[in-house]
Amino acid sequence: MAPAEKSFLPISELSAYQTKWTIKARVTNKAQLRTFRNGQGKVFHVELLDAMGGEIRASFFNQAAEKFHDILEKGKCFTLSRGSVKIANKQYNNTNHRYELTFDKDAVVERAEEDSSIEAMKFSFVSLRALQTRTLPCTVDLCGVITSFRPTQEVKSKEGQELIKREITIADDSATSMTVTLWAERAQQSDSVFEGNPVVAFKTVAVKEWNNTRSGSSSQGGTLIFKPSFPEAERVQQWWSQGGSSQELVQLSGQPGAGGDSGRSRNATPTTLAGLRLASDRLGYAPEFYSIVSRLALVQLRKQGEAQPLHYMACQEPKEGNGWPCNRRVDGEGFCAACNRAGKVAPRLNIRCRFVDFEDQAWLSSFHEGASKILGMSGEEVRALELAAAEKGEGGREELESRIRQRFFEQPLNLVCRAKMDTYNGEPRSNVSIIEARPVSRTDHGRQMLKEIHEILAC
């Protein structure tokens, strides 16, 4: 190491306890400059890799974003200092570093000479077979051979924007295949590029599940390399040429199955609260279903200082055509505007709860069936307690609130959530609600965790 480089701190040693440091790294990925706070704020991020193989994400805000956005070029080397170190937000951060960097107006960034000891990019490949048991949605690096591809297609985004996509199917030496969607320029490459079963490497593929099938999407900030030369690519190429091409493959992607909400909930994608938060940013208008293990931490009992009702009276008259109860809210006289009459009614629960797991927390709404399991009370029981509280006046809800607080952190629950994009006041907004809640089967959950441990050890 040259004397001038001895002052560079390895990225792997960066932590919240380091205050004065300078790193030397290559920019391996760079995001577009974007605005927030109605255009008042600016931010972009880069991913940095140093000679020791350390990788970290760095975000530049406001004055630093304006100053360094054009200077920091992807593939070039720089020295960086006077930034802040904080715990990485894994919802947005795909690097394996525990921390991430933020730079503001005090940042110092200088161009460095090309350093051949710093790789152009670092991959952390995951086998396609391992994706069978991985909690989704997730982001991974993949290496495989293109077994088939489809022509380009024009599609419209939720915002009405015209997009170009192409679906390719890749397989690796775990004898597993999966469809990956390419977008924009990557999709518009000539068909000849995809012919002949070339090996490809993906940096940052978002993997999701829909109707019990799994597929990937190459992110805008990711990388696609054709015919790479590293060992993983050579291994996949050798497998393909020595019999893999005729081997029966496990297909992760396929035609979605049919079925109603109940069937889809049984096939809900296992994830965490952090995974659910990430998934809610990518929703379409078709519902998606997720299964989460978490604990009840809080029930919203008051709003702006006023007691929050936990139930409403709902019409139970059968709807024409299917015979299901109407379940629309009725007025004080029991009149249902949807049915245009007063008829049979019943209390329905409607609660908002905060759930926590090992890495995140989230407020989720739950209607009658799920709410009853969460509270451990029927709609009739909750209504009776709320009516008794109303008669007692101030402080009358003590018994109800005491029974609910006994449920906090009592036991882990397996929640099935339905998530989709809705429109509210003309604006798109994600809608996530609990449709089912039940105590966790510790045996089944233990087996699932054991699978995840084996997957981690295999990597």
Exercise for the section: Six or more apart or on different chains, Cβ under 6 Å: which pairs go from a residue in the stretch 423-446 that's assigned by TED's automatic domain parsing to the domain that holds Ala268 to one that's of a type in the set (S, T, N, Q) and assigned to a strand (DSSP E or B)? Could you list them? Expected result: Ser433/Ser365; Ile434/Ser366; Arg438/Asn414; Val440/Asn414
Completion exercise
Flagged in the stretch 58-97 as more than 29 Å from the chain's Cα centre (by Cα) and either of a type in the set (S, T, N, Q) or in a strand (DSSP E or B) (or both), in numbering order, are Gln63, Cys77, Phe78, Thr79, Leu80, Ser81
Handout entry: Filter result for the condition that a residue is more than 23 Å from Glu380 (Cβ to Cβ) and assigned to a strand (DSSP E or B), over Thr423, Thr443
Key = Thr423
Handout entry: Set Glu232, Glu209: member being of a type outside the set (A, V, I, L, M), buried (at least 17 other Cβ atoms within 10 Å of the Cβ) and at pLDDT below 85
Key = Glu209
Problem - Members of the stretch 400-420 found to be in a loop (DSSP other than H, G, I, E, B) and either under 21 Å from Leu310 (Cα atoms) or under 23 Å from the mean Cα position of the chain (by Cα) (or both), listed by number - result: Gln406, Arg407, Phe408, Phe409, Glu410, Pro412
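Table: residues versus (1) closer than 30 Å to Ser219 by Cβ; (2) polar (S, T, N, Q); (3) modelled with pLDDT under 85.
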site: Thr272; (1), (2), (3): yes, yes, no
site: Leu276; (1), (2), (3): yes, no, no
site: Tyr285; (1), (2), (3): yes, no, yes
site: Ser294; (1), (2), (3): yes, yes, no
site: Leu298; (1), (2), (3): no, no, no
site: Tyr312; (1), (2), (3): no, no, no
site: Glu320; (1), (2), (3): no, no, yes
site: Ala337; (1), (2), (3): no, no, no
site: Asn340; (1), (2), (3): no, yes, no
Problem - Those residues of the stretch 236-246 which are surrounded by 15 or more Cβ atoms within 10 Å (Cβ to Cβ) and at pLDDT 90 or above, in sequence order - result: Val236, Gln237, Trp239, Trp240
Exercise for the section: Hey, could you check the stretch 98-126 for residues that are part of a loop (DSSP other than H, G, I, E, B) and in contact with a helix residue (DSSP H, G or I) (Cβ under 7 Å, 6 or more places away or on another chain) and say which is surrounded by the fewest Cβ atoms within 10 Å (Cβ to Cβ)? Expected result: Lys105
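Within the stretch 137-216, which strands (runs of 3 or more DSSP E) (wholly inside it) include 3 or more residues that are under 21 Å from Ser280 (Cβ atoms) and out of contact with any helix residue (DSSP H, G or I) (no Cβ under 9 Å at 6 or more places or on another chain)? Write out each step before concluding.
Working: elements: 138-149, 153-156, 162-172, 176-183, 199-210.
Passing ranges, in order: 199-210.
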Handout entry: Tabulated pairs, the stretch 230-254, first not assigned by TED's automatic domain parsing to the domain that holds Lys208 and in a helix (DSSP H, G or I), second buried (at least 19 other Cβ atoms within 10 Å of the Cβ) and small (Gly, Ala, Ser), C-beta under 7 angstrom, 6+ apart or interchain
Key = none
Exercise for the section: Give the residue that is surrounded by the most Cβ atoms within 10 Å (Cβ to Cβ), with candidates limited to residues of the stretch 267-285 that are in a helix (DSSP H, G or I) and either among the hydrophobic types (A, V, I, L, M, F, W, C) or outside the structural domain of Arg418 (by TED's automatic domain parsing) (or both). Expected result: Leu276
Practice task
Can you confirm whether the stretch 322-333 contains a residue that is more than 32 Å from the chain's Cα centre (by Cα), part of a strand (DSSP E or B) and of a type in the set (Lys, Arg)?
Solution key: yes
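Here is a yes/no grid of residues against (1) more than 23 Å from the chain's Cα centre (by Cα); (2) of a type outside the set (A, V, I, L, M, F, W, C):
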{"site": "Ser124", "(1), (2)": "no, yes"}
{"site": "Arg134", "(1), (2)": "no, yes"}
{"site": "Val140", "(1), (2)": "no, no"}
{"site": "Ile146", "(1), (2)": "yes, no"}
{"site": "Glu162", "(1), (2)": "yes, yes"}
{"site": "Ser174", "(1), (2)": "yes, yes"}
{"site": "Thr181", "(1), (2)": "no, yes"}
{"site": "Gln189", "(1), (2)": "yes, yes"}
{"site": "Trp210", "(1), (2)": "no, no"}
Problem - Pairs where the first residue, in the stretch 365-385, is more than 13 Å from Met313 (Cβ to Cβ) and small (Gly, Ala, Ser) and the second is at pLDDT below 90 and in a helix (DSSP H, G or I), C-beta under 7 Å, 6+ apart - result: Ser372/Gly379; Ser378/Ser372
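The values are calculated or read from the model by the stated rules, or taken from the named source; none is laboratory data. None of these values were measured; they are calculated from a predicted model. Please note: Cβ atoms are built from the backbone with ideal geometry, for glycine as well, and neighbour counts cover all protein chains shown.
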